Amino acid sequence: MRPIFFVLSFLLGAALYGQGDPTTAGPRKVTSQEYKITGVPLPTVSYPIDVWGTVWYPEDTTGGPLPLVLLLHGNHGICRLPGTQTDLGTTISPPFCPAGQIQTPNHSG
């Protein structure tokens, strides 16, 4: 329910503020870069986690300021079988996946 509410709020806000349809490609070319910071300790998690993300940004930033939009991933499992979209939940030795499994790319959504 929350993702739907967020999307609808975003679309309504864009329409009210005269920004047009936010799903339509704009005039700027966009590029991306992925990052992964491994072994980050968190007070509420018993093992270090990986902070993994993708940053999308315009190639030409002249004529700013430009808006900033943050989209966060959901709460997925830790591991999955290669070539699938099915998360297998937790593992007995987090953050490492058992043999034959790969880390779920949570940053992809």
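The values are calculated or read from the model by the stated rules, or taken from the named source; none is laboratory data. Keep in mind the model is a prediction, meaning the values are calculated, not measured. Positions of Cβ are generated from backbone atoms using ideal geometry, with glycine treated the same way; all protein chains shown enter the neighbour counts.
Some notes on this structure:
- Hey, GLY74 exposed (fewer than 10 other Cβ atoms within 10 Å of the Cβ), out of contact with any Phe, Trp or Tyr (no Cβ under 7 Å at 6 or more places or on another chain), modelled with pLDDT of 80 or more and part of a loop (DSSP other than H, G, I, E, B) or not: no
- THR54 vs. criteria over 14 Å from the mean Cα position of the chain (by Cα), modelled with pLDDT of 80 or more and not in a loop (DSSP other than H, G, I, E, B): no
- Positions within region 78-93 being at pLDDT below 75 and either touching a Ser or Thr at 6+ places or on another chain (Cβ under 8 Å) or buried (at least 16 other Cβ atoms within 10 Å of the Cβ) (or both), in sequence order: THR91
- Pick from region 38-71, criterion among the hydroxyl-bearing types (Ser, Thr, Tyr) and under 14 Å from ASN106 (Cβ atoms), ranking: surrounded by the fewest Cβ atoms within 10 Å (Cβ to Cβ): THR38
- Criterion violated by LEU16 - all others in (1) surrounded by 12 or more Cβ atoms within 10 Å (Cβ to Cβ); (2) at pLDDT below 80 satisfied: (1)
- Some residue of region 23-32 being outside any loop (DSSP other than H, G, I, E, B), within 15 Å of the chain's Cα centre (by Cα) and at pLDDT 80 or above: yes
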